[in-house]
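**Q** Just dropping this structure here.
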Amino acid sequence: MRAGYLDQRVGERSQRGGAQIVPRPNVWLQVDTAPWGHVNQVDCEDIRSVVDAQGRPLEPQFDGARHAAVLVVLAPGARGMEVLLTRRSQHLRQHRGEMSFPGGKMDAGETPEQTALREAHEEVGLDPTVVEVIGELSHVNTAVSLSYIIPKVAIIEHPIPLQPQTGEADRVMWVPLDELLQPGVYHGELWGTPPTERLLHFFELSDETVWGATGRMLADLFCRLFPHH
């Protein structure tokens, strides 16, 4: 067990990552090497250049997938580009206490962009008129919630104060990409055994752990921004 996580069996908080409980399987292996290359400072134009501007077709990998969309909001701040994250409330049935992007289930007749903007407004009060949606990241299938998630990427002029508006989130925070990319913050974990093992991405901040679908989306963004050469 890596130092920095809450041991779900004991329930005692360790040094990094906050009180997030990670339901690890019996077999898993830690991977310390990040899947992206050399890191440097990025700006809004760098973000624009790596997202899929036209979007991708909706192609769930399993029948009965629940279509959902999230809004990955980025803004230039004092330490460079920052990303908006929320923490899901403890009373929710699924993914309680996990860090996430604002978003949710697509309503009938909605586009992924409309869903992402609506959910961000409902959850944290983000005004859609100040948001510029510039594209999307790779779509994500989740096994626990049986969701097919479309991450829409957006830019605003600067990080603005936002607060939870419903009971879905209990914390809203702007996190500099530089903080997520600091040495020792990221590690990967291979869950399961070959040939069906899967790689999960973890970002241990000072008081929160970002992982799951949100970790996968952040890793996708960083691999696009900082490819191996």
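Readers should treat all values here as calculations from the given coordinates under stated rules, not as data from a laboratory. Keep in mind it's a predicted model, so treat the numbers as computed, not measured. Methodologically, a virtual Cβ is constructed for each residue, glycine included, from the backbone with ideal geometry; neighbour enumeration extends over all protein chains shown.
**Q** Report the extension gain between Ser206 and Arg79 in nm, rounded to one decimal, defined as 0.36 nm multiplied by the number of residues separating them, less their alpha carbon distance.
**A** 44.1 nm
**Q** Among residues other than Pro159 whose Cβ falls under 11 Å from its Cβ, what is the net charge (Lys/Arg +1, Asp/Glu -1)?
**A** My count for the surroundings of Pro159 gives -1.
**Q** Work through the residues other than Gly77 whose Cβ is under 14 Å from its Cβ and net out their charges, Lys, Arg +1 and Asp, Glu -1.
**A** -4
**Q** First check a/c for region 175-229, with a ≥ b ≥ c the square roots of the eigenvalues of its C-alpha gyration tensor; if it is under 1.5, answer rounded, and if not, answer prolate when a/b is larger than b/c or oblate otherwise.
**A** Oblate is the answer for region 175-229, as a/c is 1.5 or above yet b/c matches or exceeds a/b.
**Q** Among 65-78, 164-177, how do they line up by average Cβ neighbours within 10 Å per residue, starting with the highest?
**A** Ranked from most to least packed, the peptides come out as 65-78, 164-177.
**Q** Also, I was wondering about something else. If I model a spin label at Gln182 and Lys105 as a point 7 Å from the Cα along the Cα→Cβ vector, what separation in nanometres do I get?
**A** It works out to 3.9 nm between the two label points.
**Q** Separate question: Once R0 is set to 22 Å, what does the formula 1/(1 + (r/R0)^6) return for the Cβ-Cβ distance between Leu199 and Gln61, expressed as a FRET efficiency to the nearest 0.05?
**A** 0.85
**Q** Say a paramagnetic label sat at a point 7 Å from the Cα of Arg24, along Cα to Cβ; which residues of region 166-199 have their backbone N under 19 Å from it?
**A** Flagged as within label range: 184-194, 196-199.
**Q** If you count, for each residue, the other Cβ atoms within 10 Å and average over each peptide, how do 201-209, 107-115 line up from highest to lowest?
**A** Highest to lowest by the protection proxy: 201-209, 107-115.
**Q** For the pair Asp170 and Glu132, what calculated FRET efficiency results from E = 1/(1 + (r/R0)^6), where r is the Cβ-Cβ distance and R0 = 35 Å, to the nearest 0.05?
**A** With R0 = 35 Å, the Cβ-Cβ based efficiency is 0.80.
**Q** Can you list the equivalent-ellipsoid semi-axes of the chain, largest first and in whole Å, using the square root of 5 times each Cα gyration tensor eigenvalue?
**A** Semi-axes, largest first: 25, 21, 19 Å.
**Q** Which FRET efficiency value, to the nearest 0.05, do you get for Gln114 and His228 by plugging their Cβ-Cβ distance into 1/(1 + (r/R0)^6) with R0 = 41 Å?
**A** Approximately 0.70, to the nearest 0.05.
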